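Notes follow the structure.
The values are calculated or read from the model by the stated rules, or taken from the named source; none is laboratory data. The model shown is predicted, which means the values in this text are computed figures rather than measured ones. For neighbour counting, all protein chains shown are included, and Cβ atoms are generated from backbone atoms with ideal geometry for every residue, glycine included.
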Amino acid sequence: MLGLDPDPGALWPGSGAQAPAGSSPAQAAAGAVLGHCRALMDATAQSCVAVKLQLARFEVLGAAGWAVLETLVTHARGLGLLVIADGKRGDIDVTARAYAGALIGGIDSPFGRIEGLGADLATVNPLMGRDAVEPFVTAAREAGRGVLVLVRTSNPGAADVEDLRLADSGTVWERIAALVDELGASGVGEAGLSDIGAVVGATEPGHLERARELMPSAMFLLPGVGAQGGRVEDLAAAFSPGRAGGLVSASRSIADAHRTAGGEPAAAARAEAERLRETAWELSDRVLRVG
């Protein structure tokens with residue numbers, strides 16, 4: 001899966017159109033980011049099933065950045081890619097409903113229907129508890145979409161809170177995993193996977209077996225491969241339900257492949273995305289044979 005977290009100062013050369021005269025800095029940056037992201041998606045779509053949009057990288061560009069997000073969602077649809085809105089939202093129920101409407105299904109208003117971004121999946125922060133997650137679950141199910149709950153993340157600081165032990169129920173992340181399984185139980189489809197998935201970082205593969213035990217029906221989003229040090233080869237437990245059980249996410253290692261491997265950016269990105277896809281498929285097939 002392709003992660004898009006574009007830095008306006010590190011875009012592919014020649015990928016963005018020249019900004020029209022009189023454009024603001026935000027508009028000029030947004031145009032360049034759009035060209036870069038389109039080129040990346042075009043180069044790697046055949047090796048990916050989804051694109052993960054890191055919302056902060058676009059929102060920092062203001063209204064122009066949100067317009068780029070909308071355009072990229074449409075472009076992803078044309079390429080046959082699922083869209084993940086990675087904003088890690090989480091708030092009280094009223095605000096959570098607004099976040100869910102913005103990212104997934106939209107809202108009805110006295111002025112008419114206001115459509116949301118239309119993402120297929122959105123990442124959600126469960127720190128405030130069940131009532132901060134349930135509005136996302138409701139909105140996603142009404143729209144035929146899904147939710148990815150942060151369970152055990154890929155950043156080093158995750159250990160500060162997520163690995164803390166509770167008095168009677170393991171660690172914090174294990175309690176969140178149990179919540180994910182509870183919320184997802186009524187959303188399990190014919191393939192055995194739920195519409196409520198989990199974000200489980202690839203940088204700590206030692207947690208995956210326990211995570212799969214606690215969430216047997218959850219699809220795992222596996223960030224941290226590549227630049228953060230995670231390896232696809234260490235993620236076998238994620239694929240015990242089948243290939244669709246794990247979504248391996250790589251961002252900088254694909255976008256910046258030409259800086260490490262040399263060559264033209266699109267070709268290098270395509271090669272790296274294909275390498276990761278083949279590795280993940282081989283791993284999942286091996287897990288299924290053994291299982």
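Given the condition in contact with an Asp or Glu (Cβ under 6 Å, 6 or more places away or on another chain), of a type in the set (S, T, N, Q) and at pLDDT 95 or above, answer yes or no: does some residue in segment 210-217 qualify? No.
Pairing residues of segment 34-57 that are closer than 18 Å to Gly118 by Cβ and without any contact (Cβ under 8 Å) to a residue 60 or more places away in the chain with residues that are part of a helix (DSSP H, G or I) and not small (Gly, Ala, Ser), at Cβ distances under 7 Å and at least 6 apart in sequence or on separate chains, gives Leu34/Val68; Leu34/Thr71; Cys37/Leu72; Arg38/His75; Met41/His75; Val51/Met41.
On the given criteria, is Leu61 surrounded by 14 or more Cβ atoms within 10 Å (Cβ to Cβ) and in a loop (DSSP other than H, G, I, E, B)? Give the steps one after another, and end with the answer.
Numbers: surrounded by 14 or more Cβ atoms within 10 Å (Cβ to Cβ): yes; in a loop (DSSP other than H, G, I, E, B): yes.
For Leu61, the condition - surrounded by 14 or more Cβ atoms within 10 Å (Cβ to Cβ) and in a loop (DSSP other than H, G, I, E, B) - is met.
Contact map, segment 178-198: residues that are under 16 Å from Glu134 (Cβ atoms) paired with residues that are charged (D, E, K, R) and crowded, with 20+ Cβ neighbours inside 10 Å, Cβ distance under 7 Å, separation 6+ or inter-chain. Pairs shown: Gly184/Asp195; Gly187/Asp195. Would it be correct to say that Ala96 is part of a helix (DSSP H, G or I), closer than 27 Å to Ala227 by Cβ and touching a helix residue (DSSP H, G or I) at 6+ places or on another chain (Cβ under 8 Å)? The answer is no for Ala96.
Can you give me the number of residues within segment 237-291 that are assigned to a helix (DSSP H, G or I), among the acidic types (Asp, Glu) and surrounded by 16 or more Cβ atoms within 10 Å (Cβ to Cβ)? First the steps, then the outcome.
Going through segment 237-291, the residues assigned to a helix (DSSP H, G or I) turn out to be 237-239, 243-245, 252-255, 257-261, 265-290.
Right, trim to among the acidic types (Asp, Glu) and you get 272, 274, 278, 282, 285.
Still in the running and surrounded by 16 or more Cβ atoms within 10 Å (Cβ to Cβ): 272.
Adding up the residues that qualify gives 1.
The number of residues in segment 40-65 being of a type in the set (A, V, I, L, M, F, W, C) and over 17 Å from the mean Cα position of the chain (by Cα) comes to 5.
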